[in-house]
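K.L.:
I have a structure here, written as structure tokens, and I will follow up with some questions on it.
The values are calculated or read from the model by the stated rules, or taken from the named source; none is laboratory data. Because the structure is predicted, anything quoted here is derived from the model rather than measured. When we count neighbours, we look across all protein chains shown, and the Cβ atoms used for this are built from the backbone with ideal geometry, even at glycine.
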Amino acid sequence: MNYHVMTLFPDMITNAMSESITGRALKAGYLALEAVNIRDFADNKHNRVDDYPYGGGAGMVMQAEPVYRCYEDIMTRIREQGGSAAAKVIYLTPQGKVFDQQMAKEYAKEEDLIFLCGHYEGIDERALENIVTDYVSIGDYVLTGGELPAMVVIDTVSRLVPGVLNNEESAETESFSDGLLEYPQYTRPADYNGKAVPEVLLSGHHANIEKWRHEKSLERTRKFRPDLYEAYIKEHPEESR
Ligand code: 6GU
């Protein structure tokens with residue numbers, strides 16, 4: 001998977017992605033990441049990429065031309081490396097479709113993903129019309145820019161890319177893979193300040209442990225995410241109680 005991020009803050013992206021599991025996968029070559037500074041494509045000697053909004057109003061708007069030239073620069077490299085001329089361009093915006101695990105699964109099939117991070121009051125609509133294929137939000141709240149949302153999408157997609165997780169970290173039994181929240185986990189000591197680990201987990205009886213974990217998943221999902229619980233029960237009516 002090759003990620004290309006258009007941003008005014010490239011260090012924010014490369015620094016965060018170089019840590020932990022994504023950092024390991026970048027080093028091992030399962031992932032590649034370039035953060036391209038939109039400011040490098042400014043057409044004036046002050047490297048300004050924003051201007052006042054037509055029609056007035058608060059804040060500044062990112063200009064179309066530097067964004068478009070940055071995109072062309074990235075597409076040239078993708079073509080040189082034999083990538084798809086139809087690479088998706090994901091614009092991070094609170095106006096977008098709310099990101100979920102299903103969207104991550106679809107993105108993980110792509111060879112290249114291009115992210116466009118806005119700042120100020122937004123980006124000139126004409127640049128968006130020309131290049132953006134997907135408008136994506138990460139939830140109903142407002143952030144200062146698209147960098148954190150881009151990293152949320154990249155992190156989520158990355159753990160679905162083959163090779164990124166090892167067997168122990170494997171994606172399979174975790175929250176949302178079957179539409180339920182994860183069951184509680186425990187490690188040593190067996191007694192922590194008078195709080196004991198549930199007996200069944202010490203029993204070595206694997207069928208009982210699986211049953212207990214599934215019950216805990218159901219219980220939690222019903223309590224904290226009734227929306228997910230209802231959807232799960234629709235698919236598995238025999239588990240209703
Ligand atoms: Cl994608 N961008 C910004 N600026 N704020 C957000 C968001 C995106 N998703 C939720 N809030």
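K.L.:
If only one of 179, 139 is small (Gly, Ala, Ser), over 21 Å from residue 63 (Cα atoms) and more than 16 Å from the chain's Cα centre (by Cα), which one is it?
P.N.:
On inspection, the qualifying residue turns out to be 179.
K.L.:
Could you tell me which residue of segment 33-61 is surrounded by the fewest Cβ atoms within 10 Å (Cβ to Cβ), considering only residues that are touching a residue at least 12 places away in the same chain (Cβ under 8 Å), of a type outside the set (D, E, K, R) and over 24 Å from residue 13 (Cβ atoms)?
P.N.:
This residue is 58.
K.L.:
Are there any pairs, at least 6 apart or on different chains, whose C-beta atoms fall under 7 Å, with the first in segment 134-154 and more than 8 Å from the ligand (Cβ to nearest atom) and the second charged (D, E, K, R), and if so, which?
P.N.:
134/88; 135/97
K.L.:
Quick check on this structure: which one of 36, 61, 5 is more than 16 Å from the ligand (Cβ to nearest atom) and either modelled with pLDDT of 95 or more or within 30 Å of residue 179 (Cβ to Cβ) (or both)?
P.N.:
After ruling out the rest, the residue left standing is 36.
K.L.:
For segment 25-32, does any single residue satisfy the condition of being among the hydroxyl-bearing types (Ser, Thr, Tyr), surrounded by 13 or more Cβ atoms within 10 Å (Cβ to Cβ) and assigned to a loop (DSSP other than H, G, I, E, B)?
P.N.:
Within segment 25-32, one or more residues are among the hydroxyl-bearing types (Ser, Thr, Tyr), surrounded by 13 or more Cβ atoms within 10 Å (Cβ to Cβ) and assigned to a loop (DSSP other than H, G, I, E, B).
K.L.:
Name the helices (runs of 4 or more DSSP H) wholly inside segment 123-241 in which the number of residues that are at pLDDT 95 or above and either over 30 Å from residue 10 (Cα atoms) or in contact with a Lys or Arg (Cβ under 7 Å, 6 or more places away or on another chain) (or both) is 2 or more.
P.N.:
Those helices (runs of 4 or more DSSP H) span 206-224, 226-235.
K.L.:
Within segment 111-133, can you find the residues that are closer than 23 Å to residue 84 by Cβ and within 11 Å of the ligand (Cβ to nearest atom)?
P.N.:
Matches in segment 111-133: 115, 116, 117.
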